[in-house]
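> Can you read through this structure? Questions will come right after.
The values are calculated or read from the model by the stated rules, or taken from the named source; none is laboratory data. Since the model is a prediction, treat every value here as computed from it, not as a measurement. Cβ: placed from backbone, ideal geometry, glycine included. Neighbour counts: every protein chain shown.
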Amino acid sequence: MNCDEARILIHGHSDGELETTQEREIEMHIQSCPNCARVLQNISNQREAIVEGATYFKASPVLKRRIQAALPRQQQVPVPLLEIGRPWRSAVQAFVAIVCVLALTWSVVKLETISTETDRIGEEVVASHVRSLMATHLTDVASTDQHTVKPWFNGKVDFSPSVVDLASEGFPLIGGRLDYIDRRPVAVLIYQRRQHFINLFIWPVDGKADQAPAARTYRGYHVVHWTQSAFDFWAVSDLNQKELEDLTQLLWAPKKH
């Protein structure tokens, strides 16, 4: 196992998600490779820092509105129901109430699951962004040429990420790297804005509908997430929100036509 292969699996190793054979191979590699051992130690340090500084999030206004919209409105009893005897009418009304409660519960659980999953991935990409700066491992391939960066991913991930250079717009491409997000290898493009670095995470999501960019903030870092053409995109930086959204629009707009 070489360092490139180890860097793809090292996060899964840290989380205890690898198969026995992979665990054995990466452990042997880490024992003989000081650089990868240092990366693993940085991951452990970052995990401890995240756990110590973890916060609980209140439901967002969007989630609250969705729950309120899912609440059943007051139903008028149909005229035929009034003709049913009192015992049967009570049983039918109780059945309708149970169905409404189950439907509401399912809707709330589904919305909460979606929100929780999004926040989990958001926290994960922010942690990876911070880790890339702490470990001085921002790029695997350092280049401002999109025709150099894009082919570099061939054979390293099972998809071909879209790579554009936005130097003329004030966001020069400076390279790319491999990372591991949501239990799979992903491509990362790195852009720069003055002294700020922007990590753009990309991976395929088959069957997922397009979703316009949505801004979030995790632990002080600005994040913009969108889905386009069966790919998920997560842009992360300590750059101010307005300029990060400007970059997002440059990446999103060409794909809308």
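> What are the residues in the stretch 199-222 that are of a type in the set (Asp, Glu) and touching a Ser or Thr at 6+ places or on another chain (Cβ under 7 Å), if any?
The first filter runs over the stretch 199-222 and keeps only residues of a type in the set (Asp, Glu), leaving 206, 210.
The answer is Asp210, and nothing else.
> If you go through the stretch 222-245 one residue at a time, how many are more than 23 Å from Val205 (Cα to Cα) and either among the charged types (D, E, K, R) or touching an Asp or Glu at 6+ places or on another chain (Cβ under 6 Å) (or both)?
Matching residues across the stretch 222-245 total 3.
> Here is a further query. Going through the stretch 6-34 one residue at a time, which ones are touching a residue at least 24 places away in the same chain (Cβ under 8 Å), within 27 Å of the chain's Cα centre (by Cα) and assigned to a helix (DSSP H, G or I)?
Hits for the stretch 6-34 are Ala6, Arg7, Ile8, Leu9, Ile10, His11, Gly12, His13, Ser14, Ile26.
> Name the residues in the stretch 142-156 that are buried (at least 18 other Cβ atoms within 10 Å of the Cβ) and either of a type in the set (Val, Ile, Thr) or more than 15 Å from Asp4 (Cβ to Cβ) (or both), would you?
Hits for the stretch 142-156 are Val149, Lys150.
> Oh, and also: Suppose we filter the stretch 201-257 for residues that are surrounded by 20 or more Cβ atoms within 10 Å (Cβ to Cβ), small (Gly, Ala, Ser) and in contact (Cβ under 8 Å) with a residue 40 or more places away in the chain; how many remain?
Count: 1.
> Condition check: modelled with pLDDT of 70 or more, more than 21 Å from Glu117 (Cβ to Cβ) and surrounded by 13 or more Cβ atoms within 10 Å (Cβ to Cβ). Does Arg66 satisfy that? Give the steps one after another, and end with the answer.
Values: modelled with pLDDT of 70 or more: yes; more than 21 Å from Glu117 (Cβ to Cβ): no; surrounded by 13 or more Cβ atoms within 10 Å (Cβ to Cβ): yes.
No; evaluated as a whole, the condition is false for this residue.
> Is it the case that some residue within the stretch 162-183 is charged (D, E, K, R), without any contact (Cβ under 8 Å) to a residue 24 or more places away in the chain and farther than 12 Å from Leu247 by Cα?
no
> Okay, moving on. Taking the condition of being aromatic (Phe, Trp, Tyr) and either more than 11 Å from the chain's Cα centre (by Cα) or more than 25 Å from Thr144 (Cα to Cα) (or both), how many residues in the stretch 188-228 meet it?
Residues in the stretch 188-228 being aromatic (Phe, Trp, Tyr) and either more than 11 Å from the chain's Cα centre (by Cα) or more than 25 Å from Thr144 (Cα to Cα) (or both): 4 in total.
> What are the residue pairs meeting all of these: first residue in the stretch 107-135, first residue crowded, with 17+ Cβ neighbours inside 10 Å and of a type in the set (A, V, I, L, M), second residue at pLDDT below 85 and not in a helix (DSSP H, G or I), Cβ atoms under 9 Å, and 6 or more apart or on different chains?
Pairs found: Val126/Arg219; Ala127/Arg219; Val130/Arg219.
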